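**Q** Once you've had a glance at the structure underneath, I'll fire off some questions.
Please treat every number below as a calculation from the coordinates, not as lab data. Given the structure is predicted, the values throughout are model-derived calculations rather than measurements. Note: ideal-geometry Cβ built from the backbone for every residue, glycine included; neighbour counts use all protein chains shown.
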Amino acid sequence: MKKFVSVLLTLILISGIITVCGASEIKTLRIGYQPSTHQIAEMTAMEKGWWTRDLAKFGVENITDTEFSSGPPEMTAMMAGELDVAYVGTAPPITAIDKGLDAKIVASVNTNGSALVLSPGLAANYTSPADLKGLKIATFPQGSIQDTILKKWLKDNGLDPGRDVHIIGAGPGEAITEIMAGVVDGVFLPAPSPTIIEMADAGKTVVYSGEMFPNHACCCLLVSGRLIREHPELVKQIIRTHINATRYNNEHKEEAAEIYARKVRGTDVEKVKESIKRWDGAWVYDPHIEINSTLVYAKVDYEMGYTNKLLTEEDLFDTSLYDEVMGIAPAPGTVSPTPTPEPTPQPTPGFTSLLVIAALLVYIVLRRFKI
Amino acid sequence: MNHKLEVRNVTKAYISEEGEIKALEDINLDVKPGEFLCIIGPSGCGKTTLLRMIAGLEYPTSGEIILDGKEVKGPSSDRGMVFQEFSLFPWRTVLKNVEFGLQMRNIKSKERHAIAERYIELVGLRGFEKHYPYELSGGMKQRVAIARALATEPSILLMDEPFGSVDAQTRNILQEELLQIWKRTKKTIIFVTHSVDEAVYLADRVVVMSARPGRIVECIDIDIERPRKRTSVEANVIREQLLRKLITEHKKVGLI
Amino acid sequence: MKRNRLISILNNRGIIEAISLSLTIILWELVSNFIVRNPGKLPSPYSILLAFCDIWEIIPLDIGISLLHFGIGIGAGAAMGIIVGMLMGWFRIVDRIMDPMVEILRPIPPLAWVPFAILWGGLTHYAAGFIVFIGAFFPILINTYTGFREVDKTYIDAARVLGCREEWKLIKFIALPFSLPFIATGIRIGMGVGWMCVVAAELFGVSKSGLGYRLFQVFWPLHMIDKLILYMIILGLVALLLDRLFRYFVEEKLFKWKRGIVIAK
C-alpha cells in the first residue's frame, strides 16, 4: 500500500510539473496565405522584409509563410496548431471556431473580388441565374466564402443548391483545369483565376461576387487567441504592418502584380495585372466593415447545418487591437479584449492519475483471481 | 491375321540444348485384338512416350501407328487412356466425369446418364455417382478413371501405370478387378508398368524395352492360365527372366 | 477452481474478442475525454454515436451511391480481368504481347489515375467507377491468369483423349472450371482493393453523395471530425460485410471441390 501511494504521488507531481511549464515565448511566427490577389498585402510585407523588420523587437527571429489552396485546409492546419496568423476568408473561421478553434479576426484584407465564370458557349447564352440549372460548378470547398456566397445567391434566386446545381469543392488549380477540360461548366473563384481563364479563352465572367452580395467581406487577418491574449503588442504590430502593406499595394498596383507573380510560381504577370484591372475587389484593413456580411455568412452556415450554434460578433471578431492602433476610442458596446477561452488540451494531474488508478484496479482484480 | 494395332518403324526424337535426343528408336510392335499387352522398362526408356503416341497425344518423328487399319493422327475417344493420377476432373462428380467423353460426342443427357451408370456399376462404384473426386480414395478414383475411359467404348484401352499411386493391397485388388472388366468387355489393353509382378499377373504378352534410346529388347509370351496365382512356379520363372532382363538394361545406363 | 471456470468461459467463441473490443472503446473514451480533450482531433466514441444519430438519414444514400460506383468498377473489372487473364493465361503469344503493358500499368496506384479519369470521364459516376475498376482489374487479371496457367497438363490430356479437341472446348470444359476458384480469389481481392478505391474515386466530387464524397467534400472542409471518423468506421464495416458475404455465397457453396486438390508441381 505504501508503495502504491508513493508511485501515485510521484505521478501527480510529474504531471503537475508538465502542466505548469507551457512555453510562452514566440520565436517563430507562422503565417498562412492563399494564392489569390486578395492577399498580396501578406506577400508584399514578406518580400520587402517588413514582417521580419517590424516584429524583431518582440523577439521573433523567424517568420514562415505557407500556401494553402483555399480556406478550409488553411483552417485545418490552424486547428492543428500549425499557424499563428492566417490570411483567410471570413467564412472558414466560422466553421473552425464553431468546432473549437481559438482565434479571432483582427483586421480585414479585402472585399468582393470573386467571379462566376462559365464556359464560352454557356456564357454566351447566360441571361439569369435560372440558366445555371443542371450545371456543374466548381468552387472552393464547403465553408469557404465562395461556397457560402454562391449557395446563398442561388437560394435567393429560387434555386436549390443541392439539387439544381452540382457544386464541387476544389482548389483554384484543379478548378481551372476542370473548366479548361470541359469537365465542369463553370467556376466561382477569387481573382486572379477568372482572368486567367478568360485570357485562355476557356470561359467568360457572367456575374461578379460584388453583384451577388454588394461589398461583401472576403479575406481577413485571423490571429490565434493565444497570441492575442499573451502578446497583444505583437499583434498590434502585425496589424500595423498589414495596414502599411495594404496602403503600399493600393498605390503601386503594377508592382503588387509583380510581387504576386514572383510569389505564386508559374503565374503570368501580365494576366495578374489584367486581373487587377478587371476585378471588382478592394484591398482594405478595417475589420469593422466586414462584421455585417460575416454575420450573414454565420447565419447561412448555421441554417445549412455547418455550425452547431449561430456565431456572434464576439465569437468571431476582436476589433479592440485595431481600434488601439488607429487611436479610435472603442464605441459603446464594442467587443472587449478577448476573454480567456476554455483551457487548451494539456495533460492535467487529476486525469492522468485517474487512468493510473483504473489500471491498478484492473491489476488488483486480476491478482485476486490469481491469473 | 488382322492386327488391332500396328506400330511400324516408329522413332521419336527431341531437339534440346544438347542436340538431338532420341527417345525411341525403331519400334515395331503388333497387337492382336483382345490381347492384354504389358510394356515394362527402366525409367526414361520412353514407354510412356510410346503410349502417348498411340493415344495420339504426341507424334512420331518417323514411322506410323495404325489402329484398325487407319493411321493414328491425333487423340480421339476410340483410344481410351487411363493415367497414373490427377486425371479425374475434380470439379465434376463421378457421374459427370464418366459422362465426359459421351458429352464430347454430343450424346443426349438421358442417354449419357444411362451409359455412364452402366460403367460405374461395372467398376463397382454404384451409389457414388454424386460424389466428388476429393471424397474418394486412390483406388476408387482409378476405378472411375477406368469407367470414364471405357464409357466411350474405345477400340483400345491404354493404361499408363494406372495403379502406381495406390498402396500394395489396393493395387492387387484393382488388378483383379481389371481382369474381370477385361473379361467382360474383351478390350485390347496396352498396360505400361514398372512392376514385373504386375506384368506377370496381368499380361498375355510382355514387351521389355531398353534404356534410352528405347528399343524393344524382348517379347515374352505368358501362357499361364487364368486365374493366375501370383506365386506359382511358372510365374516365378518368368518373373526371374524379366527381372534379369530389366537389371541388365538398368546397368547399361548406369541406373544401378 | 475459479480459474478453470474463468478460462473455459473465455475459450467460448467471441468472448475474448468482445472483451477486447469493449476495452478498446472504453480506453478510447478515456483517452479522448481525459488526455487529448480536443474533439477536433480525437472525438470520443460517444460523440461519434451522437453524430450517427444526427445524420443517420443520409447514410443509406451515401452507402448506396458508393456501392453504385463500386458495382460499376467491379463489374467492369471482373469482365475485363477474366477475359484478358484467360487469354493471357492460355495463349502464350497473348501473354507476351500484353505483358509489357500490364507490368507497367499495374503498379500505378489508383489514386494517381483520378485526374486522368476526371479529364476523360468528366465528373460522373463512370469516372468514379473507373477508379474502382483500376483497383479491381489487376488482382482479378493476375489470379485468372494464374488459374489458367496452373491447369494440370494431365487434365488436358485426359480431355483430349476423351474427344475434346478444339481449343475453345478445352477452355470451356477444362480450363475455366479449373480456374474458377482462382478467379473467385481474384474477385475477392479485387473487391477489397476496389472498395478502398471508392474513397479516392469520390474525392473530387464526381457525385453529390457517397461515403468518400461526404467525407472529403463535406466533413473535412467543415471540420466535422466526429462525422468523419464515423464514416471511416462505416467504410470499414461495409468492406467487411461485402467480404464475408462473398466468402459465404461464393466460396463456401461453389468451391467445395477445391479442398481435394493438391497441385503437384
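**Q** Which number do you get for Rg(Cα) / (2.2 N^0.38 Å) in the range A:226-321?
**A** Cα Rg divided by the expected 2.2 N^0.38 Å: 1.40.
**Q** So how much slack lies between C:Tyr46 and C:Ser8, counting 0.36 nm per residue of separation and subtracting their Cα-Cα distance, in nm?
**A** Extra length available between C:Tyr46 and C:Ser8 comes to 10.4 nm.
**Q** Can you pull out the trypsin sites (Lys or Arg not before Pro) in the range A:46-127 whose DSSP state is coil and whose Cβ has at most 16 other Cβ atoms within 10 Å?
**A** For trypsin sites (Lys or Arg not before Pro) across the range A:46-127 that sit outside H, G, I, E and B with at most 16 neighbouring Cβ atoms in 10 Å, the list reads A:Lys48.
**Q** Over 18 Å apart: what share of the alpha carbon pairs of the range B:125-186 falls there, rounded to a whole percent?
**A** 36
**Q** Still on this structure, please answer the following. Just to confirm my numbers, what's the Cα centroid distance between the range B:53-125 and the range B:231-256 in Å?
**A** If we compute the Cα centre of each part, the gap is 33 Å.
**Q** Calculate the dipole size of the range A:56-105 relative to its Cα centre from +1 charges on Lys and Arg beta carbons and -1 charges on Asp and Glu beta carbons; express the result in debye to the nearest 20.
**A** Here the range A:56-105 has a charge dipole of around 180 debye.
**Q** Sticking with this one: Calculate, for C:Arg247 and B:Cys219, the FRET efficiency according to 1/(1 + (r/R0)^6) with r their C-beta to C-beta distance and R0 60 Å; round to the nearest 0.05.
**A** 0.55
**Q** With chain B treated as a Gaussian network of Cα nodes joined by springs under 10 Å, which of B:Ser76, B:Ser87, B:Ser16 yields the largest mean-square fluctuation?
**A** Result: B:Ser16 has the largest fluctuation of those listed.
**Q** What distance in nm separates the two pseudo spin-label positions at B:Lys110 and A:Lys57, each 7 Å out from Cα along the beta-carbon direction?
**A** 11.0
**Q** Cα convex hull of chain C: how many Å³ per residue?
**A** Dividing the Cα hull volume of chain C by its residues yields 194 Å³.
**Q** Still on this structure, I have one more. Got the relative contact order for the range B:103-222 handy, in percent, Cα pairs under 8 Å and 6 or more residues apart?
**A** Computed over the range B:103-222, the figure is 18 percent.
**Q** Of the listed pairs A:Lys48/A:Lys277; A:Lys151/A:Lys309; A:Lys309/C:Lys208; A:Lys273/A:Lys299, which have alpha-carbon separations greater than 27 Å here?
**A** Listed pairs above 27 Å: A:Lys273/A:Lys299.
**Q** May I ask you to list the aspartates and glutamates whose Cα is less than 17 Å away from that of B:Lys187, ignoring any residue fewer than eight positions away on the same chain?
**A** Those aspartates and glutamates meeting the cut-off are B:Glu6, B:Asp30, B:Glu35, B:Asp68, B:Asp78, B:Glu153, B:Asp160, B:Glu176, B:Glu177, B:Asp204.
**Q** Which of the lysines could be linked to B:Lys12 by a straight reach, that is with a Cα gap under 18 Å, when you skip same-chain ones fewer than 8 residues away?
**A** The reachable lysines, counting only those whose Cα sits under 18 Å from B:Lys12, are B:Lys22, B:Lys47, B:Lys73.
**Q** Okay, next question. Got the relative contact order for chain B handy, in percent, Cα pairs under 8 Å and 6 or more residues apart?
**A** Reported relative contact order: 25 percent.
**Q** Please compute, for peptide B:81-88, the average count of beta-carbon atoms on other protein chains lying within 10 Å of each residue's beta-carbon.
**A** Taking all residues of B:81-88 together, the mean is 5.
**Q** Between B:Val192, B:Val208, B:Val166, find the one with the highest GNM mean-square fluctuation for chain B; connect C-alpha pairs within less than 10 Å.
**A** Its mean-square fluctuation being the largest, the pick is B:Val166.
**Q** In debye, nearest 20, what is the charge dipole magnitude of the protein assembly as shown about its Cα centre with +1 on Lys and Arg Cβ and -1 on Asp and Glu Cβ, if you could check?
**A** So the magnitude is around 4440 debye.
**Q** Just flag the GluC sites (Glu not before Pro) in the range C:1-77 sitting in loop per DSSP whose Cβ has no more than 13 other Cβ atoms within 10 Å.
**A** Sites meeting the loop and neighbour criteria: C:Glu57.
**Q** What number, rounded to the nearest 500 deg cm²/dmol, is the helix-based mean residue ellipticity at 222 nm of chain B, given -39500 (n - 2.57) per DSSP H run of at least four residues and division by all its residues?
**A** The helix-only estimate for chain B comes to -11500 deg cm²/dmol at 222 nm.
**Q** Of the residues C:Arg92, C:Arg214, C:Arg188, which exhibits the maximal mean-square fluctuation in a Gaussian network model of chain C defined by a 10 Å Cα contact cut-off?
**A** Of C:Arg92, C:Arg214, C:Arg188, the Gaussian network model singles out C:Arg92 as fluctuating most.
**Q** By how many degrees, between 0 and 90 and to the nearest 10, does the Cα long axis of helix B:138-151 differ from the longest principal axis of chain B?
**A** Computed tilt is about 80 degrees.
**Q** While we're on this one: Express in % the proportion of alpha carbon pairs of the range B:54-203 at distances exceeding 20 Å.
**A** So the pairs more than 20 Å apart make up 48 percent of the total in the range B:54-203.
**Q** Listed highest first by mean packing, meaning other Cβ atoms within 10 Å per residue, what order do A:136-142, A:72-78 come in?
**A** Ranking, from highest mean packing down: A:136-142, A:72-78.
**Q** Report, please, the projected area of the range A:291-332 averaged over directions, based on the convex hull of its C-alpha atoms, in nm².
**A** Orientation-averaged projected area of the Cα hull: 3.4 nm².
**Q** Right, next: Give the residue from C:Gly121, C:Leu222, C:Ala184 lying farthest towards the positive end of the charge dipole for chain C; charges sit on Cβ (+1 for Lys and Arg, -1 for Asp and Glu) and the dipole is referred to the Cα centre.
**A** The residue sitting farthest along the positive end of the dipole is C:Ala184.
**Q** Let me check I have the definition right: for the protein assembly as shown, take the eigenvalues of the Cα gyration tensor, multiply each by 5, take square roots. What are those semi-axes in whole Å, largest first?
**A** Working from the Cα gyration tensor, I get semi-axes of 83, 35, 24 Å.
**Q** A further question on this structure: Relative to the Cα centre, what is the charge dipole magnitude of the range B:6-76, using +1 at the beta carbon of each Lys and Arg, -1 at the beta carbon of each Asp and Glu, and rounding to the nearest 20 debye?
**A** Dipole magnitude for the range B:6-76 comes out near 200 debye.
**Q** Using the alpha carbons of the range A:94-246, what is the convex hull volume per residue in cubic angstrom, as a whole number?
**A** So the per-residue Cα hull volume is 120 Å³.
**Q** Let me ask you something else. Just want the ordering: A:Leu361, A:Leu122, from fewest to most Cβ atoms lying within 10 Å of their own Cβ.
**A** Taking fewest neighbouring Cβ atoms as first place, the list is A:Leu361, A:Leu122.
**Q** Counting pairs of alpha carbon atoms under 8 Å apart in space and at least six apart in sequence, what relative contact order in percent does chain C give?
**A** Once normalised by length, the contact order is 24 percent.
**Q** Please go through the range C:48-123 and write out the chymotrypsin sites (Phe, Trp or Tyr not before Pro) that DSSP classes as loop and that have at most 15 other C-beta atoms within 10 Å.
**A** Listed in order of number, the matching sites are C:Trp56, C:Phe91.
**Q** In square nanometres, what is the average projected area of the Cα convex hull of the range B:154-256?
**A** Projected over every direction and averaged, the Cα hull of the range B:154-256 covers 7.2 nm².
**Q** Which FRET efficiency value, to the nearest 0.05, do you get for B:Glu17 and B:Ala168 by plugging their Cβ-Cβ distance into 1/(1 + (r/R0)^6) with R0 = 41 Å?
**A** With R0 = 41 Å, the Cβ-Cβ based efficiency is 0.55.
**Q** What whole number of Å gives the distance from the Cα centroid of the range A:189-262 to the Cα centroid of the range C:70-126?
**A** One Cα centre to the other: 46 Å.
**Q** Based solely on C-alpha atoms, express the radius of gyration and the Dmax of the range B:1-44 in angstrom.
**A** In order Rg, Dmax, the Cα atoms of the range B:1-44 give 14.0, 44 Å.
**Q** Excluding residues on the same chain fewer than 8 positions from B:Lys130, give the aspartates and glutamates whose Cα lies under 16 Å from its Cα.
**A** Within reach: B:Glu99, B:Glu117, B:Glu121.
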